[in-house]
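Taken together, the values in this text are just the output of simple stated rules run on the coordinates, not laboratory data. Computed from a prediction, not measured in an experiment: that's the story for all the values here. FYI the Cβ positions are ideal-geometry reconstructions off the backbone, even for glycines, and counts take in every protein chain you see.
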Amino acid sequence: MHAQVLINCRNNKKLLGRVRAFDRHCNMVLENVREMWTEGKKKAQPVNKDRFISKMFLRGDSVIIVLRNPK
């Protein structure tokens with residue numbers, strides 16, 4: 001365990017972090033998470049944003065796909 005994963009979420013955000021625990025519903029406890037998303041209006045240039053979260057719980061119903069060992 002403790003694998004680094006890239007998670008695409010239903011809110012159009014991506015999470016890059018380490019999995020501490022998970023269950024059959026894809027609920028996850030994550031550490032050292034970088035949350036990434038894009039902001040911007042239709043006519044304006046989109047802006048990539050991110051933030052760091054040291055520990056978080058991710059509810060499984062918001063998960064679209066989990067990729068292990070993204071390079």
TODO: Would you mind finding the one in ASN11, ASN27 that is touching a residue at least 40 places away in the same chain (Cβ under 8 Å) and touching a Phe, Trp or Tyr at 6+ places or on another chain (Cβ under 9 Å)?
DONE: ASN11
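Got at least one residue in region 44-59 being of a type in the set (Ser, Thr, Tyr), out of contact with any strand residue (DSSP E or B) (no Cβ under 6 Å at 6 or more places or on another chain) and farther than 12 Å from LEU16 by Cβ?
Yes, that holds for at least one residue.
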Task: Residues that are in contact with a Gly (Cβ under 8 Å, 6 or more places away or on another chain) and either among the charged types (D, E, K, R) or within 16 Å of HIS2 (Cα to Cα) (or both), drawn from region 32-52 - done: ASN32, VAL33, ARG34
